[in-house]
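The values are calculated or read from the model by the stated rules, or taken from the named source; none is laboratory data. Quick caveat, the model's predicted, so the values are computed rather than measured. When we count neighbours, we look across all protein chains shown, and the Cβ atoms used for this are built from the backbone with ideal geometry, even at glycine. Accessible surface is based on the protein model in full, side chains and every heavy atom, while ligands, DNA and RNA are left aside. Shrake-Rupley method; radii C 1.70, N 1.55, O 1.52, S 1.80 Å.
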Amino acid sequence: MPVVTAWRLFDRIIDALAALAALLLIAVMVATTVKVFYRYGLRQSLIGVDQISGTLLLYIAFLGAAWVLRREGHVTIDLLLSHVGRRTRLLLMVGSSLIGAAVCLVVAVFGTVEVVNSIQRGIRIPAEIEIPRAVNLIVIPIGFLLLGLQFLRRALNGLKRGEMLLPPPASPV
Amino acid sequence: ADVRAQSASATIRLTMVGAWKPGTSPAADMGIKFKDTVNQLSGGKVVIDFRGASDVVPTFDQPEALVRGVFDVWYGAPNYWAGIVRGGYLTEMSPHDIPDNGPGSELFEFVNKLHEAHGARYLGHMTGGPGAGNHFLYTQKKIARIEDLKGMKIRVPPLTRFFVAGLGAEPVTLPPGDIYLALERGTVEGFTWPVYDGFTNFGWQEVSKFMVAHPLYRNGISIVVNLRKWNSLPEDARKIMFQAAADTQAWSRGFVAKQQTAQLAKMKAAKMEPIEFTPAEAKRWEDTARDALWAHFKSVMSAGDYETARRLLSAK
Amino acid sequence: MEIVLYITLFFGGLAVLLLVGLPVAIAFTFVNLVGVYVFWGGAIGFSQLILSIDSSVSTFVLVPVPMFILMGTMMFHSGVAYRLIDVLDQWLGRIAGRLAVLAVAAGALFATLTGVAIGSVAMLGSTLVPDMERRGYSRTLALGSVLASGSLAILIPPSALAVILASLGKFSVGKLLIGIIVPGILLACVYAIYIVLRCTLQPSLAPPYAVERTPMVPRLRDTLIYVVPPLSMIGLVIGTIFAGIATPTEAAAIGTLLSFVVAAGYGKLTWPVIKQAVGSATSLSVMVLLVLTGSAAFSQLLSFSGVTPAITAFAVGMDVHPIVVLILMQLVVMVLGMFIEQTAIVLVTIPIFMPIVATMGWDPIWFGAIMMLNLEMATITPPFGLSLFVMKGIAPPGTTMGEVYRAALPFVGLNLVVMALMILFPDIVLWLPAQMR
Ligand code: NA
Ligand code: NA
């Protein structure tokens, strides 16, 4: 598969996961409202909604992580970057992207190990609904893997074209 | 220099993390008592260093961190192990004076066996005698019978959710920080909490009205040690730790009773009223609570373990 | 001496990684990887870090954060916020810097809904900052007023942090909740006075653009159409809390759903609006939550390694005048506040502080309220206040971190002034609780 096609597929994947994260955000809002309605209106409890909402926050964070990096939406400290020349800036961006890729891929590896370990040992969450802990954990290596790949791509773009060819910064709101 | 190096190597250092900070909850004080007793009994040969609570490892990650060996000794509510040792907190339903009957008893060894299968060495469940140190239920309305709770919204921790649901009440989950306002505003109409464990520290006596004076599950702490670390300890160090566990269990009985009495006095001063059932209703209350949790245990424990647990925990 | 080494490694390492442009969340994660390896026993620490990442954000307590972000982006992209501000502008007349004053008022109102500062900052920042920019306000004034007013969420009840602080310190939760009301309102007033004074002396900060004077009748009509619905929405949400229908945490979700309803009421709930609002909210939420996964573990490692307890013990171990002890204690909270999450600060410091409070014979309510103000300030104290990161994330493109820091500093100064007033005049805290009995 040509490299360009591979990255296009990668884009599709992170777009789809970001859309899923957006849906989960709506789900948290609706589920919490429905829970209150059940409790106050119908005097019935929906046990587990809080716990699931918490889990969804974790999913939102990691399903959307790579997509947010592609639109340069992760907060960075630009105190130094905004005061250096173009070449130095490029060098720093490529370097930090490579560090970012390394960090994310390391966490992805250990995350995978931990997911397997957690399933093998049958660890459950000691909360309202005792689901396997791996249900939560699995999204962490997935998120870090994609984030690491996006960092790698960011560094490659910088090296290849001599500049950080980034999409115009996403409008923040 | 040689002498110093030698005495340093003779000292066994263990690190400890607990579910709550010392000085903030009487439950934590029991964990610290165990630590101090070990340091004392060993004459400084076995030193346990307390590293912190949820500020160093999130509370519900602590059991796994202990099993891994991030630290060596842990204290906290026995049921925090629910995710690892299925049913390992069965002594929270114990009718015995010392919930696990102490080191060497069949019950103690059984609970330890459940823990050891998951890489943890169990050293004991510390709390007051039956009825002291237990969870209790508080309501905003006066009730006379179990059935009166039907439809009421009760804030629960995972431990009491089966019981509350079984009563036909609505179990509600809220973070502890939300309980005060929820009671004040009527978002919930009751909750469960171990009275001795700093009930009035949270200011709840200002906003809650009645307390069902009949106990639910035993609270308190268990002390658990990383199994690899335990196996690496010399025999005399283990003996000291068993002794410290037994001493702490004995000490806790008076300590917890005193804490509970003090809390009850403050609650009474704040005009909270106890609800006393008839003896028959009281027994129904305690049986219902126990049956609800046993039903859950049956679904998570192996048939053999479940039978053993029931046998060992039947009242004398 | 080990401690000094750790401090250098933790903070020095983090600073270098941040300066070379690594995103904040990943810089934290890098330092955490090294930290867990050293302190949590080698490779097993890595596994434990995965659990810590899960625990740091998979909690219902954080639900208001993405909810308020979504409410803000919905109000912004549907145009509801713009029309609302436009009409309020008519009423506010010629007050200098009135939109910044409006931000403070909105922050105080919002604070009655939530105890989560970053949620509040995100909500106000995504609606008010673009508006102020459009009207030529200086960026630092726009960012600063929103940062400061957003952090009022911690000080004005409901405040989960106050509940945690009082219960750990074993003094009355109810009285502390009452005791922080006056300082909270005082702080909001000080912010407003500062903004008006500064904008009067330095009109370039908030150019006095011509407000078209709309006659009374259309103005009232506009108010009815554009102000009443969004404000009743907020009223309704506060109502659900007071009526015991929902907890503040839950009310955040209900309020967000209502913002969709209000937008629909104006016929603005179109597919492009939904797509933009939800898309922006997802992006911002991901950014904030990811920072939290990193900062939580960082804070845990600082405590586990002994750095945090050492700093705390150092300050309280000195033999000096009581007032100096008090100032040192607050200094510790301030310094920790630059780096560590507030609940963690409370957990570490309160058990060490309370015995001293007792020895000195200080009123714990007074001490607790001062500490609450300090913790509130921590969210906007450079370099690592969480609200600063959130603000950087939602600020208009091209905003630099330096601008965000400069924007926050005057308001940090105002916090210090109010804190000094509370120390000098304890009745600012104690008068209202005394009326309770
Ligand atoms: Na608030
Ligand atoms: Na801070």
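Of the beta bridges DSSP finds with both residues in chain B, what % are antiparallel, to the nearest 5? Don't skip to the answer; put the middle values down first.
On the way: 19 of 36 bridges.
If we restrict to bridges inside chain B, about 55 percent are antiparallel.
Hey, can you find the accessible area per residue of the protein assembly as shown for me, probe 1.4 Å, expressed in square angstrom? Before the final figure, lay out each step's value.
On the way: 33560 Å² over 926 residues.
On a per-residue basis, the protein assembly as shown sits at 36 Å².
Show that you can apply the helix-only estimate: for chain C, add -39,500 (n - 2.57) for every DSSP H stretch of four or more residues, divide by all residues, and state [θ] at 222 nm to the nearest 500. Don't skip to the end; give the middle numbers.
Values: 23 runs with 333 residues, N = 437.
Mean residue ellipticity at 222 nm (helix-derived): -25000 deg cm²/dmol.
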- For peptide A:47-53, how many partner chain Cβ atoms fall within 10 Å of a residue's Cβ, on average? 6
- Could you give the DSSP H helices of chain C that reach 27 angstrom or more along their long axis (alpha carbon positions) and whose average Kyte-Doolittle hydropathy is no lower than 0.0? C:181-201, C:271-304, C:401-424
- May I ask for the accessible area buried between chains A and C, both sides summed, probe 1.4 Å, to the nearest 100 Å²? 5500 Å²
- How about the range B:202-222: which of its residues lose at least 30 Å² of accessible area in the presence of all protein chains relative to their chain isolated, using a 1.4 Å probe? B:PHE202, B:GLU206
- Task: Name the residues of the range C:229-258, by number, that are at least 20 Å² less accessible with every protein chain in place than in the isolated chain; the surface is that of heavy atoms, probe 1.4 Å, without ligands or nucleic acids.
- Result: C:ILE241, C:PHE242, C:GLY244, C:ILE245, C:THR247, C:PRO248, C:THR249, C:GLU250, C:ALA253, C:ILE254, C:LEU257
- The ³J(HN,Hα) series, computed from each phi in the range B:55-66 with the Karplus coefficients 6.51, -1.76 and 1.60 at θ = phi - 60°, rounded to the nearest Hz and given as x for glycine or proline, is 6, 9, 9, x, 3, 7, 9, 5, x, 5, 5, 5
- Those residues of the range C:296-333 for which accessible area with every protein chain present is at least 20 Å² below the isolated value (1.4 Å probe): C:GLN300, C:SER303, C:PHE304
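Roughly how many percent of the accessible protein surface of chain B is carbon and sulfur, given a 1.4 Å probe and a whole-percent answer? Walk me through the numbers before you get to the answer.
Numbers: 6060 of 11470 Å².
Of all accessible area on chain B, carbon and sulfur atoms account for 53 percent.
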- Which residues' amide hydrogens lie under 5 Å from the amide hydrogen of A:ARG124, considering only partners 5 or more residues apart or on another chain, with H built in the peptide plane? A:ARG133, B:ILE84
- Message: Just to confirm my numbers, what's the Cα centroid distance between the range C:402-423 and the range B:152-169 in Å?
- Response: 46 Å
- Query: Sorted by mean Cβ packing within 10 Å, highest first, what order do the peptides A:121-128, C:144-151, A:10-17 take?
  - Reply: C:144-151, A:121-128, A:10-17
- Starting from the Cα of C:ALA43, step 7 Å along the direction of its Cβ; do the same at B:ASP291; then give the gap between the two resulting points in nm. 5.2 nm
- Task: Rounded to the nearest 0.05, what FRET efficiency do C:THR223 and C:LYS275 give with R0 = 25 Å and r taken as the Cβ-Cβ distance? Could you check?
- Result: 0.25
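Mind ordering C:34-43, C:312-321 by average Cβ neighbours within 10 Å, highest first?
On the way: C:34-43: 18.1, C:312-321: 12.1.
Top to bottom by mean Cβ count within 10 Å: C:34-43, C:312-321.
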- Query: Using a 1.4 Å probe on the protein chains only, how many percent of the accessible area of the range A:3-161 belongs to carbon and sulfur?
  - Reply: 70 percent
- Let me know the mean shielding of B:42-54 by other chains, meaning the per-residue number of their Cβ atoms within 10 Å of its Cβ. 2
- Compute the acute angle (0 to 90°) between the alpha-carbon long axis of helix B:106-116 and the principal axis of greatest extent of the alpha-carbon atoms of chain B; round to the nearest 10°. 70 degrees
- Item | Cα→Cβ-extended label distance, 7 Å offset, between A:VAL113 and C:LEU236, nm | 5.2 nm
- Query: Can you give the mean number of other chain Cβ atoms that lie within 10 Å of the Cβ atoms in peptide A:101-114?
  - Reply: 4
- Task: Leaving ligands, DNA and RNA out of it, rank B:SER232, B:SER252, C:SER58 by accessible area with a 1.4 Å probe, largest first.
- Result: B:SER232, C:SER58, B:SER252
- Message: For a Förster distance of 41 Å, can you work out the FRET efficiency between the beta-carbons of B:GLN40 and C:GLU2, rounded to the nearest 0.05?
- Response: 0.95
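Using only protein heavy atoms and a 1.4 angstrom probe, determine the accessible area buried between A and B, summed over both sides, in Å² to the nearest 100. Provide the component values of the computation, followed by the final result.
Working: alone 11420 and 13810 Å², together 23280 Å².
Roughly 1900 Å².
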- Query: By accessible area of protein heavy atoms, probe 1.4 Å, what ranking do B:LYS209, B:LYS153, C:LYS175 get, highest first?
  - Reply: B:LYS209, C:LYS175, B:LYS153
- Query: Within the accessible area of the range C:2-434, what % is carbon and sulfur when the probe is 1.4 Å and the other protein chains stay in place?
  - Reply: 74 percent
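For chain A, what relative contact order do you get, as a whole percent, if you take Cα pairs closer than 8 Å and at least 6 residues apart?
Relative contact order, chain A: 28 percent.
Quick one: buried accessible area between B and C, total over both chains, 1.4 angstrom probe, nearest 100 Å²? Each step should come with its number before you reach the end.
Details: alone 13810 and 18390 Å², together 29290 Å².
Approximately 2900 Å² gets buried when B meets C.
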- Message: Sort B:97-104, C:227-234, C:267-274 by the packing proxy (mean of other Cβ within 10 Å over each peptide's residues), most packed first.
- Response: B:97-104, C:227-234, C:267-274
- Karplus-derived 3J(HN,Hα) from phi for the range A:26-34 (6.51 cos²θ - 1.76 cosθ + 1.60, θ = phi - 60°), whole Hz, x at Gly and Pro, runs 5, 4, 4, 4, 5, 4, 5, 5, 4
- Task: Describe numerically, in nm with one decimal, the distance between label points set 7 Å from Cα along Cα→Cβ at B:LYS271 and at C:SER204.
- Result: 6.3 nm
- Query: Could you give me the ³J(HN,Hα) list for the range B:79-93, computed from phi with Karplus coefficients 6.51, -1.76, 1.60 and θ = phi - 60°, whole Hz, x at Gly and Pro?
  - Reply: 6, 5, 8, 3, x, 10, 9, 4, x, x, 9, 4, 5, 5, 10
- Query: To the nearest 0.05, how large is the calculated FRET efficiency for A:LEU9 and C:HIS321 if R₀ is 60 Å and r is the Cβ-Cβ distance?
  - Reply: 0.30
